[in-house]
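Undergrad: Structure incoming, see below.
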């Protein structure tokens, strides 16, 4: 009888150890999977083609230690995928990280940024976030233009139309491309005259980009369209 009681006590002790091990494992797994992205943005917030664009992601972890182990950037057409890897500990102690990752210069357009957060040396991300942004034309960007005469775009802001004024003294063939706030080209004007009018009356309110070019001249403008 005593021998049977000893076996039963040993089994109960083993059972308690097993339950404690399972509970500890579950707590550690819950901590490990508590990684999350709390905010995602780009810097600068309104980038142009001359900016070195960066993604800025703030992430939080439910465990001690969240050291940054590296990142990757993959750009295909207008989709940017960034993966950030962190190595986390198992102690239940909150940790946070701000990852600033260089994307680089991008052409004019509308982009989708998908940010993945991964545990170091694992296959699948724990969390992801997606934002959309546009890349515009730098304001008053100009190259190889040696004259005191300036091309003007006015009025700005406008409620319907704007004018492109090119001084006659320039004697050049100018073209102009108009982009909406998403970076989508909405019009191309060829061989524009000294006073060219463009109508935005049927376009949504917002910021428009005008890129004016000639043989040795390129200049970008922003025009704001407001409600009447």
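The values are calculated or read from the model by the stated rules, or taken from the named source; none is laboratory data. A quick note: this is a predicted structure, and the numbers were derived from the prediction, not measured. Don't worry about glycine lacking a Cβ; one is built from the backbone with ideal geometry, like all the others, and counts go over all protein chains shown.
Undergrad: Residue by residue through the range 165-192, note down the ones that are under 22 Å from residue 226 (Cβ atoms) and over 32 Å from the mean Cα position of the chain (by Cα).
TA: Listed by number, the list holds a single entry, 165.
Here's the yes/no breakdown for (1) within 22 Å of residue 46 (Cα to Cα); (2) touching a helix residue (DSSP H, G or I) at 6+ places or on another chain (Cβ under 7 Å); (3) touching a residue at least 24 places away in the same chain (Cβ under 8 Å):
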position: 165; (1), (2), (3): no, no, yes
position: 168; (1), (2), (3): no, no, yes
position: 173; (1), (2), (3): no, no, yes
position: 178; (1), (2), (3): yes, no, yes
position: 190; (1), (2), (3): no, no, no
position: 205; (1), (2), (3): yes, no, no
position: 209; (1), (2), (3): yes, no, yes
position: 221; (1), (2), (3): yes, no, yes
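Undergrad: Another one. Being modelled with pLDDT of 90 or more, surrounded by fewer than 17 Cβ atoms within 10 Å (Cβ to Cβ) and more than 30 Å from residue 36 (Cβ to Cβ) narrows it down to one residue among 167, 157, 107; which is it?
TA: 157
Undergrad: Also, I was wondering about something else. Go through the residues of the range 14-27 one by one and say whether even a single one is surrounded by 12 or more Cβ atoms within 10 Å (Cβ to Cβ) and modelled with pLDDT under 90.
TA: So far as the range 14-27 goes, yes, one or more of its residues are surrounded by 12 or more Cβ atoms within 10 Å (Cβ to Cβ) and modelled with pLDDT under 90.
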